[in-house]
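Below is one structure, written out as structure tokens, with a few remarks after it.
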């Protein structure tokens, strides 16, 4: 696992451990101590089913320019950005969660990478998750 993936999983574990609802759902399937889970992530020995549940429970939310952005679908190797048919890159859908929460209007756009996008705080991520649960 790449360092960025490890950081994201650790961030999501922090979110789960601070939300009673998320923790209850997680604990219904996995009983491990949070420190053991964090250590397993850092040492890259975490099981795929645990990673799957973490990603299912907590969406990936970024905060860029004061807006909360929700990670959508990632299409691997789908876009030829240069137009030379030599190499295709990922295309990543991003939803404008801030606008949708304020107005109900849904907007999305596409990027080639999110590696420079800072993650939203725990409270901001829970805010987006709570909104998503009302849909």
Result of the Cβ filter at 7 Å on segment 30-48, keeping first residues that are on the phi > 0 side of the Ramachandran plot and partners that are in a loop (DSSP other than H, G, I, E, B) and modelled with pLDDT of 95 or more, at least 6 apart or interchain, is none
What are the residue pairs meeting all of these: first residue in segment 1-24, first residue over 19 Å from residue 42 (Cβ atoms), second residue modelled with pLDDT under 95 and surrounded by fewer than 13 Cβ atoms within 10 Å (Cβ to Cβ), Cβ atoms under 6 Å, and 6 or more apart or on different chains? none
Report yes if some residue within segment 73-91 is touching a strand residue (DSSP E or B) at 6+ places or on another chain (Cβ under 6 Å), outside the structural domain of residue 23 (by TED's automatic domain parsing) and closer than 30 Å to residue 27 by Cα; otherwise report no. yes
Can you tell me which of (1) assigned to a strand (DSSP E or B); (2) surrounded by fewer than 10 Cβ atoms within 10 Å (Cβ to Cβ) is the one residue 133 doesn't meet? (1)
Restricting attention to helices (runs of 4 or more DSSP H) lying wholly within segment 1-46, give those where 2 or more residues are touching a helix residue (DSSP H, G or I) at 6+ places or on another chain (Cβ under 9 Å) and within 20 Å of residue 127 (Cα to Cα). 3-18, 20-27
Selected residue (only one of 123, 90, 84, 80 is closer than 25 Å to residue 18 by Cα and without any contact (Cβ under 8 Å) to a residue 24 or more places away in the chain): 123
With the checklist (1) without any contact (Cβ under 8 Å) to a residue 12 or more places away in the chain; (2) assigned to a loop (DSSP other than H, G, I, E, B) in hand, flag the one item residue 114 doesn't pass. (1)
Output for segment 100-130, where each listed residue is more than 25 Å from residue 4 (Cβ to Cβ) and surrounded by fewer than 15 Cβ atoms within 10 Å (Cβ to Cβ): 102, 103, 104, 105, 106, 107, 130
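The values are calculated or read from the model by the stated rules, or taken from the named source; none is laboratory data. Everything quoted here is computed from the prediction, not taken from an experiment. All Cβ positions, even for glycine, are placed from backbone atoms using ideal geometry, and neighbour counts span all protein chains on display.
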